[in-house]
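Scroll down for the structure; my scribbles are underneath it.
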Amino acid sequence: MSKSISESLLNTMREWVELHLGHRISQSRLEDFEKRVLLAAAEAGFENPSDFIASLIRGGENNEAIGYMALYLTIGETYFFRDAMSYSVLKANILPEVLNRKKPGERLSIWSAGCSSGEEPYSIAMTAMTVLSDYRGENGPVEARILATDINKQSLKVARSGIYRRWSFRDIPAFIKEKYFTIREDETYALKDEVKSKVDFAMLNLAEDGYPSLLNGTDNLDIIFCRNVLIYFSPEQVTNTLLKFHKCLRPGGWLFLAPSEIPHPAPKFFHVQNLNGAIVMQKVEEADLKEKAPIKIVHSNYSYFGSSREEMRLSIDNLIEAPPSMPQSIETELELELELDFENLPAKLTEYYDQGRYSTIIDALPQISTSMEDSDSSETLGLIARSFANLGNLEAAIDWCDRLIAQDTINARWYYLKATIHHEMGDDDAALRSLTQSIFLDESYVIAYFVLGNLHRQRGEKDKSGKCFSHVARLLQERTGTDIVQDSDGLTVGQLKSIVTSLGGES
Ligand SMILES: C[S@@+](CC[C@H](N)C(=O)[O-])C[C@H]1O[C@@H](n2cnc3c(N)ncnc32)[C@H](O)[C@@H]1O
């Protein structure tokens, strides 16, 4: 693309995006941002990008061009039952608790804000249907209504169609597909009407003031899911959005964010809780705000964070097929005495990490979120991602990597970390992409080249693996044998030299 945008116009556009879409564009993403603006301008039919920008600025909020910018700025990555533990907690703890408080005739109201192509609200619908099908509370059966909104109209179109490709299911068991979907000739899956009919889709820009409102159904809600959306927002926009969510919820209502999105500091008007490993936030009433609600850590009977992939699989299986739990007390809370030294958080967390105390790090997440400083947050986020990975919660680990990358876009180490997690999940195509990004950012990052070589070798791509190993050998040539290779968990230069030599790497 030969066109370009002047620096001052690009900065104007950046401010506009932050104001109208809520997204903060960091300095390091400017080049990528420029490309996206150019693509949006072309899509909106403008020959000259300056005219597109002028029309956006003149048009204020109700401009159709906002939709075009949203198409090119937003990332719609999503899949069914993403972060399965949240759905387990929704089913076992939150829904029974909410249903218990329902008065006769009251509906269950849930909002999926930033729903992308619909996998999230439909997963919520399937979970709610499982619980409600057998629910016979004092007040009789309860109906569920799920509102799902997004700013991206193309995603909403896919969501309304209810037709999905295999990729949307990733790691979920086959029986969920069999129960709720019909397979089509072109090997796509069509969601059955019984689930589709539970969800209403609408366009809504979270950066605007259109909520809470009776008119669009965003008032008096029991539960809000807003996951993997706030990660793109500026801190001011996150605070604004959380304040508005607070107003949208009924007293005692619940907010689900992605594991990596609990803001720091955590807002006083929500009570951050760790329920069986899923971090959820419960609305605190204004009257109770005078005294800051204590942060509570709830422990499950088994440790999800410490669970193996097999246990994680069981928790997904349990979502749909198991009989619904009756209201379970969420009073079994245990206040943890955490010995965190907030003065020097990264150093303390590194110490815990080196001692293998990954669960301690994760259990302290609410406190960490409250006290994390911007200056030390990349290291801290990296430790949290690695702790989740070491404990087998790979989805949460990926979420934290994405948050890291959003904040520190040009650091090769975070792409490498993400690649290792993808590999652990068995998704080697994604691992290859992340490794390529990593070495693109830092050609001298030895460990990324080494792992890339190994991946190529496992795929039988001898030429490619040979090139990687030779590059590693060259990078190590001048280095002392006893040096530790960065991010290698203690491998020395000498050890790595002999490994790559045995694998055919020539220097
Ligand atoms: C990564 S997807 C998350 C989808 C789903 N919630 C999940 O966790 O799997 C982020 C979604 O947020 C939407 N989004 C971004 N900015 C938004 C805004 N200002 N208002 C509404 N939706 C927005 C994007 O269009 C995208 O579909």
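Of note:
- The set of residues in segment 383-396 being part of a helix (DSSP H, G or I) and more than 15 Å from the chain's Cα centre (by Cα) consists of LEU383, ARG386, SER387, ASN390.
- The set of residues in segment 145-173 being under 24 Å from LEU215 (Cβ atoms) and either of a type in the set (Val, Ile, Thr) or crowded, with 20+ Cβ neighbours inside 10 Å (or both) consists of ILE146, LEU147, ALA148, THR149, ASP150, ILE151, ASN152, SER155, LEU156, ALA159.
For every residue, the table says whether it meets (1) open to solvent by 20 Å² or more (accessible area, probe 1.4 Å); (2) touching a residue at least 12 places away in the same chain (Cβ under 8 Å).
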site	(1), (2)
GLU120	no, yes
SER123	no, yes
MET126	no, yes
THR130	no, yes
ASP134	yes, yes
PRO141	yes, no
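- Residue that is most open to solvent (accessible area, probe 1.4 Å) [pool: residues in segment 12-31 that are within 16 Å of the ligand (Cβ to nearest atom) and charged (D, E, K, R)]: GLU15
- Flag for LEU90 being closer than 30 Å to PRO251 by Cβ, assigned to a helix (DSSP H, G or I) and among the aliphatic types (A, V, I, L, M): yes
- Restricted to strands (runs of 3 or more DSSP E) entirely inside segment 176-228, those with at least 3 residues that are within 16 Å of the ligand (Cβ to nearest atom) are 199-203, 221-225.
- Test: residue in segment 69-79 that is touching a Gly at 6+ places or on another chain (Cβ under 9 Å) and away from the ligand (no atom under 15 Å from the Cβ): no
- Test: residue in segment 458-480 that is out of contact with any strand residue (DSSP E or B) (no Cβ under 9 Å at 6 or more places or on another chain), under 19 Å from CYS401 (Cβ atoms) and outside any helix (DSSP H, G or I): no
- Selection count where residues are within 16 Å of the ligand (Cβ to nearest atom) and part of a helix (DSSP H, G or I), scope segment 95-134: 9
- Residues that are within 16 Å of the ligand (Cβ to nearest atom) and basic (Lys, Arg) within segment 149-175 comprise LYS153, LYS157, ARG160, ARG165, ARG170, listed in sequence order.
- Candidates LEU249, LEU255 - the one that is open to solvent by less than 10 Å² (accessible area, probe 1.4 Å), more than 15 Å from the ligand (Cβ to nearest atom) and touching a Lys or Arg at 6+ places or on another chain (Cβ under 8 Å): LEU249
- Residue pairs meeting the criteria (Cβ under 6 Å; at least 6 apart or on separate chains; first touching a residue at least 40 places away in the same chain (Cβ under 8 Å), in segment 178-193; second part of a strand (DSSP E or B)): LEU191/PHE181
- SER465 open to solvent by 80 Å² or more (accessible area, probe 1.4 Å) and either hydroxyl-bearing (Ser, Thr, Tyr) or within 37 Å of the chain's Cα centre (by Cα) (or both): no
- Residue match in segment 38-49 (condition: within 16 Å of the ligand (Cβ to nearest atom) and buried (at least 18 other Cβ atoms within 10 Å of the Cβ)): yes
- Matching option when the condition is under 18 Å from LEU255 (Cα atoms) and open to solvent by 40 Å² or more (accessible area, probe 1.4 Å), among ASP219, ASP193, ASP200: ASP219
- Hits in segment 490-507 (condition: at pLDDT below 75 and either open to solvent by less than 30 Å² (accessible area, probe 1.4 Å) or closer than 14 Å to ARG479 by Cβ (or both)): GLY505, SER507
- In a residue-by-residue description of segment 157-169, the property of being charged (D, E, K, R) and in contact with a helix residue (DSSP H, G or I) (Cβ under 8 Å, 6 or more places away or on another chain) applies to no position.
- Taking (1) within 17 Å of GLN407 (Cα to Cα); (2) crowded, with 17+ Cβ neighbours inside 10 Å; (3) within 14 Å of the ligand (Cβ to nearest atom) in turn, PRO263 satisfies each apart from (3).
The values are calculated or read from the model by the stated rules, or taken from the named source; none is laboratory data. Every value quoted in this text rests on a predicted model; they were computed, and no experiment measured them. Here Cβ is always computed from backbone atoms with ideal geometry, including for glycine, and neighbour counts include all displayed protein chains. Please note that ligands, DNA and RNA were not included when accessible areas were found on the heavy atoms of the full protein model with its side chains. Shrake-Rupley method; radii C 1.70, N 1.55, O 1.52, S 1.80 Å.
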